[in-house]
Each structure stands twice: as structure tokens, then as C-alpha cells.
Amino acid sequence: LGERDCSMQRRHQKVVEEAPSPAVTPSIRQAMGAAAIKAAEACHYVGAGTVEFLLDSQGNFYFLEMNTRLQVEHPVTEMITGEDLVEWQIRVARGERLPKLQEQITLNGHAIEVRLYAEDPANLFLPQTGDILAWNPACESLARTDHGIKVGTPVSRFYDPMLAKIICWGPTREDALRKLNRALQQTLLMGVTHNKGFLLDLIRTEAFVSGNATTHFIGDHYGNQGWQYMPPIAETLAIAALVKHHQPLTNPGSTGALPHVSRRPLILQLGKQAHPVTLEQHGESYTLKIHSDTTVGAIEHADIRLIDTAAYQIRYEWEGIRKSAQVFVSGIHTFIDTGHGAVCIEDQTHRAPQAYEGPGSGQLKAPMDGAVTAIMVAAGDEVKKGQTLLVIEAMKMEHLIRADLDGVVTEITVQKGQQVKGKQRLGSLRQSA
């Protein structure tokens, strides 16, 4: 049934898959298919099977392993063959013959699949947990989306972080890639941190567009720092303030809109930075003044005009250009996606001052939901900066909790085997005198 290319991997975990492979010639395809059949015949195998090979730059291929099943990425093969491989698998398991002969199989067009993961690309792709607050896949005429989630679905630490597969077909690879770009931008997912923005960045890289990606590409191109996206600050803050002002229109069933006033001071946090702002209304237009702090005058003015709103969407004019964004409000959190993945704005206008808990504070916090699998220290122990103190495990990954200063352990508030939530306090350190 032809080959699939799964070169776009991170730590040997597939991220993007496509069929056919841009690196495979007809002669390689014929030889590779023959080798796969020979391997199955040699062990008298009957059933669905996927033979994996490694391909080098000279066109030589090497047997890696055989999966005695369909794989996650089987939809791209279904889309270029027009066959239902799940049905085939069941028929063979029932002892029936395959519905077609080899010479009846034709490969038509190109298909590309990306895996939507609950992970944080900005934090070394650590798996994330939480509840699905809003979910709306791309329209079916544009993409096939395989998923098992809905609004209210909890994403727990007990399962693989993959939430959905988004697959697009086109008569050419360029057409399939164009559709995939649009499908990813249309996909609405709020409530849990995910890799949509990273996927968009990845499939737009020159190496992928040209079909020259290798299994080392992600590690070489992005390094060990993950992928970070910082949206335009003024525009994002203006959208957040505007959405908060019109919340019932963008969130169906919501009753949490701010009372109507023409001038409103807010404190909106984007990332780790809190921004004191003032939203002023002038008819359908608004001016957002961004202040350096609560006592100094505005350092930047941003004008935004509201066009209209719909469920989970706002259309607006920014610097003379009409734009749209996907939005969702949950309490003090406003999720905004302008097409690069969702960011979260936190309304801190009425929040009490918080104690400092950043790097060097000595406060030990869980980076994600998980289980404490190891505790290496106890209260009273002296530790060095960078020393591993605890281990958290979730979704087949371990994360080491390290000391952020030289000091003494004042307390450990958890036990081995305990389930913890992201940002939960695990203990504290006191800096050495």
C-alpha cells in the first residue's frame, strides 16, 4: 500500500507523517515493498502489518522493525489509496481474503498528517493536563480530524498526550500542505496547552516545504530549548480587553461581561509580565493605553475597532487591517488564538499581591500534573543549586525538580507516590547565609 514518511520526529516520537514520501523514487518504492513482503512471508505472517525502514541520503534502506498492526498514521495511506484499512484489518482477522490484488492498488495525490499534542513547546515540550474548555476541529471539507475529545473532557496524566490527528489530502504535496496550514489555523482548542503553533511553524520551515527533513531536523533546528511564540503584546492585550468587554457575545451562555463604562483600568498578565492598561471606548472604536506601572502615564497607545463577534470568535480592525481571532473566556483567563496557537491572558485587576515565587525564590513547584516517583532530600539537608531534589512522572516522561539556589531544605510537603497538580507547592529552600 505504498510508503509513509515519518522523518519529522522529536526524541523518536513522530510529529508529522505523509504519504507518499518526497524522498522515495519509484525504484526505491518497488524494492522496499518487495523487501517488506519478503519479511512477512519469511515468518508466515497473516494480518495487518507495518514494516519500518531507515533511508539514507544515497537511497539505501535498512530494516528497523515490523509493527504487527496499523499505525497511528494509517489515515494518510487511506487517503492516497482510497481504501479503509481498518475494514481490511477486520476482514483479514476473520479469515477473509483481501478485497484487491496488488496490481489494483494505485496511489493518488498526497496526504499529510500532524499530531496535536497536549504539551508545552515553550517548556521543553513537557506534557500538559487540564480540561478541554473549547474544541472545534477544522471543517470536514478541508481536513479529516481523528479525535476522541469534547468540551469537558479531562486530559489526565495517565495517557499519551496526543489529542487529535489532523489529516489533509491534495492532488499534489503543495496542495495538501496549503490545506493543512488552513486546517491548523481553523482548529480551535482551549483549556490545555498544546502544540498547534509549533506544528504551524514546523510545516512552514524550508526543510519540510522542500521535502528534505530528516529524523534529526527538529533537534537540530529547534535545539534543546523547545519552541516559543510571543504574540504582539499591544494587539493581544487589546483583544483581551475587548473580549472581556463583550464576553456574552463570544462565549455562548456566558453572563460574565463587564458593566458598560467608557473607560476601564485593567491589569492583564501575558506570560510572566503583568501590564496595567486602560481601555477607552469611542463608539465602535477603542483605545488601549499601556502603562509602565500604575502610577506612570501611558507609554503606548493602541487603537482597535470592533467589527463583530460570534461564538468563540471576534473580528476586528487593527492598524487598518481586518483580522479575526479565536477567543474563549474562563473566569479570569482569556484564551486568544490569532492563528499561531492559543495564549492565555490572566485578569489580575482584582487579585491580591502575590509573594515572589520565581527563579531563586527557593519555592519548589510541580511543573505539571503527575506522580512523585522519588524524593532525594529531607528537611534540614544542605543542597547545591542544580541538585535534583524530587522526580515527577507523567505521560511517559520524567521531570527533575532541581534546587534553584544553594541552601537548606526547610520542608518537603509531598510524599513518594503522591499525585500532584501543576504548580502545586512541593516544598521550600532557605538560602545559605
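The values are calculated or read from the model by the stated rules, or taken from the named source; none is laboratory data. Note that the structure is a prediction, hence the values are computed from the model and not measured. Because the Cβ atoms are built from the backbone with ideal geometry, glycine has one as well, and the counts that use them run over all protein chains shown. The area values use the complete protein model at the heavy-atom level, side chains included, leaving out ligands, DNA and RNA. Shrake-Rupley method; radii C 1.70, N 1.55, O 1.52, S 1.80 Å.
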Placing each pseudo-label 7 Å from Cα in the direction of the beta carbon, Ser330 and Thr349 end up separated by a distance in nanometres of 2.1
Pairs beyond 20 Å (Cα-Cα), from Lys272/Lys423; Lys14/Lys100; Lys244/Lys421; Lys365/Lys421; Lys165/Lys244
Lys14/Lys100; Lys244/Lys421; Lys165/Lys244
Gained length - Met376 relative to His301, 0.36 nm times residue gap less alpha-carbon distance
21.9 nm
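What number comes out for the charge environment of Trp169, summing +1 per Lys or Arg and -1 per Asp or Glu over other residues with Cβ under 9 Å away? Don't jump to the answer; show the numbers that get you there.
On the way: positive: Arg144, Lys179; negative: Asp175.
Here the count lands on +1.
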Grab the beta carbon distance between Glu393 and Thr287, set R0 = 56 Å, and tell me the FRET efficiency rounded to 0.05.
0.70
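Taking the highest mean first, how do the peptides 154-167, 111-124 order by number of other beta carbon atoms within 10 angstrom per residue?
Details: 154-167: 18.6, 111-124: 23.1.
By packing density, highest mean first, the sequence is 111-124, 154-167.
Using 1/(1 + (r/R0)^6) with R0 = 45 angstrom and r between the beta carbons of Lys384 and Tyr45, what's the FRET efficiency to the nearest 0.05?
Numbers: r = 55 Å, r/R0 = 1.21.
It comes to 0.25.
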Which of the peptides 201-210, 416-425, 72-81, 174-183 is most tightly packed, and how do the rest follow, going by the mean number of other Cβ atoms within 10 Å of each residue?
72-81, 174-183, 201-210, 416-425
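Roughly how many Å² is the accessible area per residue of the chain, as a whole number, for a 1.4 Å probe? Don't jump to the answer; show the numbers that get you there.
Numbers: 22170 Å² over 433 residues.
Counting only protein heavy atoms, the per-residue value for the chain is 51 Å².
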Can you give me the distance in nm between label points at Gln58 and Thr410, each placed 7 Å from the Cα along the Cα-to-Cβ direction?
6.3
Could you give the nm distance between label points at Asn108 and Ala274, where each point is 7 Å from its Cα heading toward the beta carbon?
6.0
How much length would be gained if the chain were fully extended between Val209 and Lys323, taking 0.36 nm per residue of separation minus their Cα-Cα distance, in nm to one decimal?
38.4 nm
GluC sites (Glu not before Pro) in the range 1-68 lying in a DSSP loop, each with at most 11 other Cβ atoms within 10 Å of its Cβ, come to none
Quickly rank 269-278, 233-242 as a protection proxy: mean count of other C-beta atoms within 10 Å, highest first.
233-242, 269-278
Quick one: 3J(HN,Hα) in Hz for the range 206-212, Karplus 6.51/-1.76/1.60 with θ = phi - 60°, rounded, Gly and Pro as x.
4, 4, 6, 4, 7, x, 10
Proximal aspartates and glutamates relative to Lys323, as straight alpha-carbon distance under 16 Å, when same-chain residues fewer than 8 apart are discounted:
Glu235, Glu284, Asp303, Asp308, Asp337
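Using a 1.4 angstrom probe on heavy atoms only, work out the carbon and sulfur share of the accessible area of the chain in %. Intermediate results must be reported in sequence, preceding the final value.
Values: 11350 of 22170 Å².
Using a 1.4 Å probe with all protein chains present, the chain comes out at 51 percent carbon and sulfur.
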